[in-house]
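Engineer: Input: one structure, supplied below.
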Amino acid sequence: MIFDTHAHYDDTQFDADRDELLNAMQEQGVEKIVNVSASYDSCRRVVDMVQNYPFMYAAVGIHPDEVGSLNEERFARMEELFRRDKVVAVGEIGLDYYWDNESHDIQKQWFIRQLDLARRLSLPVLIHSREAAADTMEIMKEYAAGLKGIIHCYSYSREMAREYVKMGFYIGVGGVVTFKNARKLKETVEEIPLTSIVLETDCPYLAPVPYRGKRNQSGYIRYVAEEIARIKGLCSEEVIAQTRENARDVYGV
Ligand code: NI
């Protein structure tokens, strides 16, 4: 069964048919989903939502594009959410110099604060990093040693992937791997062992081929598994089974 390690089912793109879609997940071979928050407001939404679906868990954290809305009071309120049931990770957190919504200093400051939070709570971290490879690695080396987690929507070199794997992190692979022009990610998948890969949608974004550009959902992960299997010369059942074990290991569910 498929384990979707990273989804955003609180997104408004699911408003019209969320319940119907989620209740049919098992028929699509999806066993578990981690619903990930990004903005401050989405943290509570995501935690509330997972209480309604037995197969769904929550990650709570503020995305680098959204850290400008944080202050001490809000951070403390976010921290309270970790007392609720089924909150299994801190995320998504990191650095994003592509959209560059916030200054690099502010992004770094809240990234480090959230890594410290994960350490205090003994929870894994979900790392978002875009066009910020060197700074992310520097902070991870200094503040994430000994933590578990996933480098979500991995987009850097295979050499760097190897380094994260050595640090004990999993590499999150989603729909992008099915894109024709995703040469770097295909090389990374070829390079690192299947025991260090987890599957993710990042839905509603980044749907795999043949749904590229459409709304993504967890059932489409089978196309990601098929492409990883093709690259590694395996069958997709092996990919789904091993990545499920990896996901269970990182989230402890
Ligand atoms: Ni995401």
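The values are calculated or read from the model by the stated rules, or taken from the named source; none is laboratory data. For clarity, every value in this text was computed on a predicted model and none was experimentally measured. Please note: Cβ atoms are built from the backbone with ideal geometry, for glycine as well, and neighbour counts cover all protein chains shown. Accessible surface is based on the protein model in full, side chains and every heavy atom, while ligands, DNA and RNA are left aside. Shrake-Rupley method; radii C 1.70, N 1.55, O 1.52, S 1.80 Å.
Engineer: Regarding the range 39-52, can at least one residue be identified that is at pLDDT 95 or above, touching a Cys at 6+ places or on another chain (Cβ under 6 Å) and surrounded by 14 or more Cβ atoms within 10 Å (Cβ to Cβ)?
Structural biologist: no
Engineer: For residue 9, state whether it is open to solvent by 20 Å² or more (accessible area, probe 1.4 Å) and of a type outside the set (A, V, I, L, M). Don't jump to the end; show me each part of the working.
Structural biologist: Numbers: open to solvent by 20 Å² or more (accessible area, probe 1.4 Å): no; of a type outside the set (A, V, I, L, M): yes.
When the stated conditions are applied, residue 9 does not pass them.
Engineer: Sticking with this one: With respect to residue 252, determine if the residue is out of contact with any Ser or Thr (no Cβ under 7 Å at 6 or more places or on another chain) and either open to solvent by less than 60 Å² (accessible area, probe 1.4 Å) or free of Cβ contacts under 8 Å to residues at least 60 places away in the same chain (or both).
Structural biologist: Here the answer is no, as residue 252 does not meet what is asked.
Engineer: Now for a different question. Residues of the range 69-109 being within 21 Å of residue 58 (Cβ to Cβ), within 16 Å of the ligand (Cβ to nearest atom) and open to solvent by 50 Å² or more (accessible area, probe 1.4 Å), which ones? If you could, list the steps in order and put the result at the bottom.
Structural biologist: As a first pass, look at the range 69-109 and keep what is within 21 Å of residue 58 (Cβ to Cβ): 69-70, 74-94.
Remaining after also requiring within 16 Å of the ligand (Cβ to nearest atom): 88-94.
Those that are within 21 Å of residue 58 (Cβ to Cβ), within 16 Å of the ligand (Cβ to nearest atom) and open to solvent by 50 Å² or more (accessible area, probe 1.4 Å): none in the range 69-109.
Engineer: Looking at 207, 247, which is the one that is closer than 24 Å to residue 12 by Cβ and aliphatic (A, V, I, L, M)? Step through it out loud before you land on a result.
Structural biologist: Details: 247 fails: closer than 24 Å to residue 12 by Cβ.
Going through 207, 247 in turn, just one is closer than 24 Å to residue 12 by Cβ and aliphatic (A, V, I, L, M): 207.
Engineer: From the list 199, 234, which one is without any contact (Cβ under 8 Å) to a residue 60 or more places away in the chain and of a type in the set (A, V, I, L, M)? Spell out the reasoning first.
Structural biologist: Details: 199 fails: without any contact (Cβ under 8 Å) to a residue 60 or more places away in the chain.
Within the list 199, 234, the selection yields 234.
Engineer: May I pose another question? Taking the condition open to solvent by 60 Å² or more (accessible area, probe 1.4 Å), assigned to a helix (DSSP H, G or I) and without any contact (Cβ under 8 Å) to a residue 12 or more places away in the chain, does residue 222 pass?
Structural biologist: No.
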